[in-house]
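Worksheet: the structure to be examined is printed underneath.
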Amino acid sequence: MNIILDAHQDLAYNMLALGRDYRRSAYETRQTEVGKPFMAWTDDALIGWPEYMQARVAIVFSTLFAAPARSVPTEKRDSQIYDTLEQAHQIYKQQLLAYHQLSEQSPDYFRLIRTQAELKHHLEKWQNAPKAKTPQLPVGLIPLMEGAEGILSFEELPMWWELGVRIIGLAWRGNRYSGGTKEPGPLSQAGKELLDAMAEHSFVLDISHMDEEAALQAIERYPGTIIASHANLARLVEGYQGNRLLSDTLLDALLERDAIIGVVPCNSFLRRDWKESGGKASISLKLAAEQIDAICQRAGDSKHVGLGTDFDGGIGLQSVPAEIDTIADLPKLSTFLKEMGYSQTAIEDINYRNFLNMIQSVLPA
Ligand SMILES: [Zn+2]
């Protein structure tokens with residue numbers, strides 16, 4: 001099958017904070033946003049349903065994302081920023097309901113996938129789509145909670161599961177569960193208890209934004225399925241300092257647990273000084289192919305890497321490699337992999353099969 005599964009997109013955040021309508025083309029969204037005040041700090045949109053179809057993106061792990069007010073300068077604060085835990089909880093819930101609404105009102109464009117049966121039905125449609133033509137099919141959405149700040153107590157987990165959340169990352173910035181990006185720290189007692197409760201429901205653990213110390217502790221403790229939905233290797237990003245990208249120690253711990261890593265084709269995850277060194281025009285998508293290759297080399301196979309673009313997650317047209325105008329250009333990544341000697345089967349593993357098999361194994365009947 002020739003499809004793409006994208007393991008990380010902040011669709012609901014953009015829908016609620018910026019009013020983006022993902023049934024529209026990315027170009028139409030750009031038109032409607034010209035001159036809007038938020039464009040002073042947001043890039044142009046990369047995503048729209050017509051462009052998903054061109055790239056054959058069949059499934060997206062669509063996030064619930066909210067940021068603590070302390071992490072955002074005053075002028076950039078929007079409706080998806082929280083001061084209190086209760087607000088975080090409400091934002092996650094609104095975003096999840098936005099996916100439900102989109103799926104109910106526009107099932108020809110987007111459809112929530114919560115069960116094996118729904119996934120099977122969805123894949124059959126894509127399998128039967130004529131190969132030579134651009135498909136006209138719904139994109140499947142599987143909700144991923146990026147940071148568990150809005151989980152007020154473990155008793156809520158059945159509710160989130162029931163509403164379709166299948167993947168949870170404990171932290172975005174640091175929080176009471178875990179150290180996070182730019183706010184390092186270990187897994188807390190509450191974090192350990194949350195993991196134990198998550199395991200009872202077969203949630204997938206996403207360690208992407210967890211601080212290395214916490215991530216290593218979580219990998220050790222969590223008996224369930226583990227991924228990094230969107231993360232690149234620090235080693236390949238010259239001069240990188242920070243705790244967002246993966247060290248080889250963390251990569252090895254992930255591979256040991258058979259985890260899958262979603263590579264991010266965004267400039268700041270590929271080259272630290274990309275702005276000074278010539279900007280968008282100077283960054284090639286080949287660097288993302290090299291990230292993929294480095295993970296495959298370390299793993300010794302093509303079974304542990306996928307794509308987690310993070311497109312439109314505060315990252316848009318101006319901050320992605322030169323070859324990318326919209327998500328329609330994502331398949332160009334396969335061309336680089338082919339040139340590097342990857343077989344069609346390996347490319348399909350990376351484009352969708354690894355993450356698809358992973359999620360298939362945890363969905364309820
Ligand atoms: Zn993220």
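The values are calculated or read from the model by the stated rules, or taken from the named source; none is laboratory data. As the structure is a computational prediction, the values presented were derived from the model and not from experiment. FYI the Cβ positions are ideal-geometry reconstructions off the backbone, even for glycines, and counts take in every protein chain you see.
Tabulated data
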| read-out | value |
| --- | --- |
| Residue under evaluation A294, criteria (1) of a type in the set (G, A, S); (2) outside any loop (DSSP other than H, G, I, E, B); (3) closer than 30 Å to E28 by Cβ, criterion not met | (3) |
| Matching helices (runs of 4 or more DSSP H) fully within the stretch 1-100 where at least 2 residues are closer than 22 Å to G169 by Cα | 11-18 |
| Condition broken by G278, with the remaining ones in (1) farther than 21 Å from Q318 by Cβ; (2) part of a loop (DSSP other than H, G, I, E, B); (3) among the small types (G, A, S) satisfied | (1) |
| Qualifying residue in the stretch 95-109 (condition: touching a residue at least 24 places away in the same chain (Cβ under 8 Å), farther than 20 Å from F311 by Cα and crowded, with 19+ Cβ neighbours inside 10 Å) | yes |
| Number of the condition not met by A7 [criteria: (1) small (G, A, S); (2) crowded, with 16+ Cβ neighbours inside 10 Å; (3) at positive phi] | (3) |
| Single residue of I347, I327 found to be away from the ligand (no atom under 16 Å from the Cβ), within 16 Å of A289 (Cβ to Cβ) and at pLDDT 95 or above | I347 |
| Residue that is nearest to K275 (Cα to Cα), among those in the stretch 292-324 that are of a type in the set (S, T, N, Q) and within 16 Å of the ligand (Cβ to nearest atom) | S319 |
| Members of the stretch 250-262 that are without any contact (Cβ under 8 Å) to a residue 60 or more places away in the chain and surrounded by 15 or more Cβ atoms within 10 Å (Cβ to Cβ) | L250, L251, A253, L254, L255, R257, A259, I261 |
| Which numbered condition L170 fails, given (1) modelled with pLDDT under 95; (2) closer than 18 Å to L85 by Cβ | (1) |
| Output for the stretch 47-90, where each listed residue is within 15 Å of the ligand (Cβ to nearest atom) and in contact (Cβ under 8 Å) with a residue 24 or more places away in the chain | V60, F61, S62, T63, L64, F65, A66, A67, P68, S71, Q80 |
| The stretch 197-215, residues that are touching a Pro at 6+ places or on another chain (Cβ under 9 Å) and outside any loop (DSSP other than H, G, I, E, B) | A199, E212, E213, A214 |
| Condition broken by M159, with the remaining ones in (1) touching a residue at least 12 places away in the same chain (Cβ under 8 Å); (2) under 20 Å from Q90 (Cβ atoms); (3) not hydroxyl-bearing (S, T, Y) satisfied | (1) |
| Scope the stretch 322-338; condition assigned to a helix (DSSP H, G or I) and in contact (Cβ under 8 Å) with a residue 12 or more places away in the chain; matching residues | I327, A328, D329, K332, L333, S334, F336, L337 |
| Candidate set: the stretch 218-249, residues that are away from the ligand (no atom under 16 Å from the Cβ) and in a helix (DSSP H, G or I); chosen: the one surrounded by the most Cβ atoms within 10 Å (Cβ to Cβ) | A218 |
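Residue-wise test of (1) free of Cβ contacts under 8 Å to residues at least 12 places away in the same chain; (2) within 16 Å of the ligand (Cβ to nearest atom); (3) among the acidic types (D, E).
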residue: T115; (1), (2), (3): no, no, no
residue: L123; (1), (2), (3): no, no, no
residue: W126; (1), (2), (3): no, no, no
residue: E146; (1), (2), (3): no, yes, yes
residue: I151; (1), (2), (3): no, no, no
residue: G164; (1), (2), (3): no, no, no
residue: L170; (1), (2), (3): no, yes, no
